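The values are calculated or read from the model by the stated rules, or taken from the named source; none is laboratory data. Since this is a predicted model, take the numbers as computed values, not measurements. Neighbour counts run over all protein chains shown; Cβ positions are idealised from the backbone, glycine included. What goes into the accessible areas is simple: the full protein's heavy atoms, side chains included, and nothing from ligands, DNA or RNA. Shrake-Rupley method; radii C 1.70, N 1.55, O 1.52, S 1.80 Å.
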Amino acid sequence: MKIVVIGGTGLIGSKLVTKLRADGHDPLAASPATGVDIITGKGLAEALAGAHVVVDVSNAPNWGDAEVMDFFQTSARNILAAETAAGTGHHVALSVVGTERLQGSGYFRAKLAQEETIKAAAIPSTILRATQFFEFIGRIADSSTHDGTVSLPSLYFQPEAAEDVAAALADIAEGAPVNGT
């Protein structure tokens, strides 16, 4: 089965492509690095031709409130329109646990807008919400280090392995849409 992975060269996407290939599928890693731009639409129709499933694990390059909102709304509309034209049967998207409760953040407002766009579309879909990845812990600590001291805010943090998220996405892509989260 042809499965297009939007963001297929990133952390989760590359692991997902490897997993899908091992499961006997024909995954296509779609990203700017492979000539697919989900904002301009360049290469999108060609990438989705013949795709049974599209898995969107893309992420915004800029997390400013307006920029991230524009990225997720524009990319979701473009991907869903291309899926409709290609006759794709299942749209899978990666989101974040607690998105609806973290609306003080522009990033989470944008992720919720992306989810709402997906749910309103005619393409059958499944949204997987995941927590932060273990692989990000070093960056989080580095960004909180000042004069050799790591200061972390009091918060709940329940990371999971990127490999586990990719495996869950593969299972979802291989299954029927749930039309929900």
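The portion of the accessible surface of the stretch 1-132 made up by carbon and sulfur, rounded to a whole percent, is 57 (1.4 Å probe; DNA, RNA and ligands excluded).
Dipole magnitude for the chain: about 220 debye, using +1 per Lys or Arg Cβ and -1 per Asp or Glu Cβ, origin at the Cα centre. Take the Cα radius of gyration of the stretch 1-43 and divide it by 2.2 N^0.38 Å, N being the number of residues; the result is 1.12. Look at the dipole of the stretch 3-150 built from charges on Cβ: of 5, 141, 30, the Cα furthest out on the positive end belongs to 5. Within the stretch 142-181, name every residue whose backbone N is under 18 Å away from a label modeled 7 Å from Cα of residue 100 along the Cβ vector. Residues 178-181 qualify, since their backbone N sits under 18 Å from the label point.
At most 15 other C-beta atoms within 10 Å and a DSSP loop state: those are the exposed chymotrypsin sites (Phe, Trp or Tyr not before Pro) I care about. Give me the longest piece of the chain that has none. Here the longest run is 64-155. The residues of the chain expose on average 50 square angstrom of accessible surface per residue, using a 1.4 Å probe on protein heavy atoms. Take the Cβ atoms of residue 49 and residue 70, set R0 to 25 Å, and the FRET efficiency comes out at 0.40. The loop-placed trypsin sites (Lys or Arg not before Pro) in the stretch 22-122, going by DSSP, that have at most 15 neighbouring Cβ atoms within 10 Å of their Cβ come out as 42. Taking a label point 7 Å from the Cα of residue 119 along the Cα→Cβ vector, which residues of the stretch 78-110 have an amide N closer than 12 Å to it? Under cut-off, by backbone N: 99-101. Within straight-line reach of residue 19, meaning a Cα separation under 15 Å, sit the following aspartates and glutamates at least 8 residues removed in sequence or on another chain: 163, 164, 171, 174. Most tightly packed first, judged by the mean number of other beta-carbon atoms within 10 Å of their residues, the peptides 27-39, 3-15 read 3-15, 27-39. For the stretch 1-98, the percent of C-alpha pairs falling in each 5 Å distance bin, counted from 0 to the bin holding the largest distance, reads 3, 14, 25, 27, 18, 9, 3, 1, 0. Take the alpha carbon atoms of the stretch 1-65, find their center, do the same for the stretch 82-154, and report the distance between the two centers in whole angstrom. Going from one Cα centre to the other spans 16 Å. Could you give me the percent of Cα pairs per 5 Å distance bin for the chain, shortest bin first, beginning at zero and ending with the bin that holds the maximum distance? Using 5 Å bins, I get a P(r) of 1, 8, 16, 21, 21, 15, 8, 5, 2, 1, 0 for the chain. Computed from the Cβ-Cβ distance with R0 of 25 Å, the FRET efficiency linking residue 168 to residue 142 stands at 0.35.
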